[in-house]
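Structure, as structure tokens:
Where a number appears in this text, it was derived from the coordinates with a stated rule and is not lab data. This is a predicted model, so every value here is computed, not measured. Here Cβ is always computed from backbone atoms with ideal geometry, including for glycine, and neighbour counts include all displayed protein chains.
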Amino acid sequence: MSLIEPRTLKGFRDFLPAKMVQREKLMETAKRVYRRYGFLPIDTPALEYLEILTGKGSEETDRQMYHFVDAGGRAVGMRFDLTVPLARFAAQHINELGTPFKRYHIAPVWRGENPQDGRFREFVQCDFDTIGTTGVVSDIETALVIHELLLEIGIDQFRIRINNRQILSGLLESLDLKDKSTSVLRALDKLDKVGPEGVGKELAQAGISSEQSDKIFQFAGVQGTHDEVLSKLSSMLRSSELASQGIERLSIVAGALRAAGVPASRFEIDVSIARGLDYYTGIIFETTLLELPRIGSVCSGGRYDNLAGLFTKQQLPGIGASLGLDRLLAALEKLDRFQESPRAADVFIPLFDPDRMNDYFALAALVRSVGISAEVYPEPKKLGQQLKYADQRGFLVALIAGARELDQGLVQIKDLRTQTATEVAWKNNSEGFLAALASILGLQNMLSQSN
RNA sequence: GAGGUAGUAGCUCAGUUGGUUAGAGCGUCGGAUUGUGGCUCCGAAGGUCGGGGGUUCGAGCCCCCUCUAUCUCCCCA
């Protein structure tokens with residue numbers, strides 16, 4: 001009979017332990033930072049009624065959504081992001097939750113687009129959002145979380161680019177281009193990718209007059225310190241109430257970030273970023289790695305004051321951002337920031353004498369009882385081969401005991417890094433044995449802490 | 001979805017103008033007189049040359065299709 005070729009779907013991937021350990025580490029970092037700011041975890045189904053998911057992001061997102069009719073005849077879709085499910089979740093449960101409600105959600109999402117470097121059809125997002133407040137405090141907090149998150153992951157060469165949709169809307173209003181907003185924003189968004197000429201061409205194609213185009217470039221070309229940018233924008237868009245509000249809010253955010261100790265170089269007011277998702281209404285964020293700008297934004301989001309309005313008459317404004325775990329990981333890999341291969345456990349116990357298996361399990365249980373990880377080798381191979389395995393997998397210590405040692409209640413603690421071994425009694429001396437082991441592992445403090 | 005580039009062992013690659021049984025390094029597994037690893041030496045396994053079709057006496061090499069990766073458009077984490 002012919003074999004089935006083992007393979008995975010385009011844009012979908014397997015993860016081997018070395019990579020999965022990195023992913024888990026990243027997720028743990030995200031959780032830790034989110035919880036530090038008072039966000040709590042939730043989860044929602046991968047599958048939703050199609051009507052819940054469609055028409056919320058943009059036409060493009062609808063096109064990229066995986067959807068099908070289930071066995072019960074229901075039109076269902078796989079979630080495209082975690083924000084739209086949150087909107088449904090909030091509309092459904094907000095009476096039990098109360099506001100403001102802060103949650104984080106780390107889970108896979110699916111997009112049927114063409115895979116590229118750092119872009120997959122299945123990938124994990126680490127979202128955090130605040131529902132139920134329009135206060136500028138949550139705008140500021142969102143920026144602070146993004147900043148702290150990246151630092152804690154171990155990245156310092158990054159920049160958070162900030163804009164406000166109200167400013168863009170104000171600009172478009174003042175230029176009488178409201179009906180062409182999508183194409184204008186889309187063109188503007190590509191500024192640092194295709195340059196001014198490219199954007200100019202695209203604007204011309206969209207039927208934008210050269211006077212309007214000039215004003216757009218004048219607007220996008222504003223540079224300087226945060227305060228300079230804001231005051232220039234403010235004089236340019238004085239006539240627009242909407243834009244002025246947006247500028248005022250950005251100025252509060254910028255001041256707060258400085259006060260919180262965020263270096264000015266880490267964030268930038270960039271009026272060219274627009275973001276494709278239609279639901280954003282206020283501040284928007286995009287985070288790029290300075291060493292690898294081409295991979296795109298690794299953490300972005302913004303304020304969406306009307307999202308839950310599609311599901312409830314209650315006013316449920318929100319703001320949040322999402323760390324693209326898989327994209328960030330692809331970037332870290334590209335930058336060669338992967339740490340050494342992971343160690344399964346600290347302590348290795350060779351199956352030296354198969355007749356003494358029970359002793360090895362007793363030893364392993366003793367070691368694990370104080371939180372030190374231990375692995376018993378599953379096959380009675382020659383000791384040299386077992387140690388070779390231990391060496392290759394990076395174990396720190398081996399506990400070697402044959403009949404000779406076991407008969408005397410002893411075990412050899414061998415430091416695999418220095419190749420030095422000491423014999424210690426372990427039967428009726430678990431404290432002394434564990435202390436010796438901990439000291440070799442360099443964990444003296446850990447034992448006293450756990451006791 | 002459209003276009004450009006690529007696809008040879010687990011990994012990185014070699015493979016002459018199409019010409020017999022497709023190679024190397026690393027990795028994996030085994031061994032070097034039966035209780036102690038990282039070095040060395042020896043050996044083995046592992047490839048329908050991404051898949052399918054075609055041209056030819058003969059295809060890893062040429063042509064078409066397809067799949068996958070990567071890039072651009074598009075969009076985004």
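Cross-link partners for residue A:232 among the lysines, with Cα-Cα distance under 20 Å and sequence neighbours closer than 8 places in the same chain left out: A:215. Taking amide H as placed 1.01 Å from N in the peptide plane, the amide H of residue A:278 sits under 5 Å from that of A:58, each at least 5 places away or on another chain.
Normalising the average separation of contacting C-alpha pairs (under 8 angstrom, six or more residues apart) by the number of residues puts the relative contact order of region A:347-450 at 24 percent. Counting beta carbons within 10 Å around each of A:249, A:327 and listing the fewest first gives the order A:249, A:327.
Report relative contact order for region A:256-365 in percent, whole number only (criteria: Cα-Cα under 8 Å, sequence separation at least 6).
16 percent
When you restrict to C-alpha pairs under 8 Å that are six or more residues apart and normalise by the size of region A:17-334, the relative contact order lands at 24 percent. Distances between placed amide hydrogens fall under 5 Å for residue A:269 paired with A:162, all partners being 5 or more residues away or on another chain.
The length gained by stretching the chain between residue A:204 and residue A:192 to full extension, at 0.36 nm per residue less their Cα-Cα distance, is 2.5 nm. Over chain A, dividing the summed -39,500 (n - 2.57) contributions of all DSSP H runs of at least 4 residues by the number of residues returns a 222 nm mean residue ellipticity of -13000 deg cm²/dmol. When +1 charges are put on Lys and Arg Cβ atoms and -1 charges on Asp and Glu Cβ atoms, the dipole computed for chain A relative to its Cα centre reaches about 220 debye. Of interest is the spacing of the C-alpha centroids, which for region A:59-79 and region A:241-265 amounts to 39 Å.
Most simply put, region A:347-450 has about 65% antiparallel DSSP beta bridges, counting only bridges with both residues inside it.
Positive-end ranking of A:345, A:199, A:295 along the dipole of chain A, with charges on Cβ about the Cα centre, is headed by A:345. By the count of other C-beta atoms within 10 Å, a proxy for reagent exposure, A:287, A:225 are ordered fewest to most as A:225, A:287. Given the pairs A:178/A:201; A:388/A:414; A:190/A:334, which span a C-alpha to C-alpha distance of over 21 angstrom in this model? The answer is A:190/A:334.
Residue order for A:67, A:226, A:147, A:93, fewest other beta carbons within 10 angstrom first, comes to A:93, A:67, A:226, A:147. Which one, A:358, A:100, A:115, is farthest towards the positive end of the dipole of chain A when Lys and Arg carry +1 and Asp and Glu -1 on their Cβ? In chain A, that residue is A:358.
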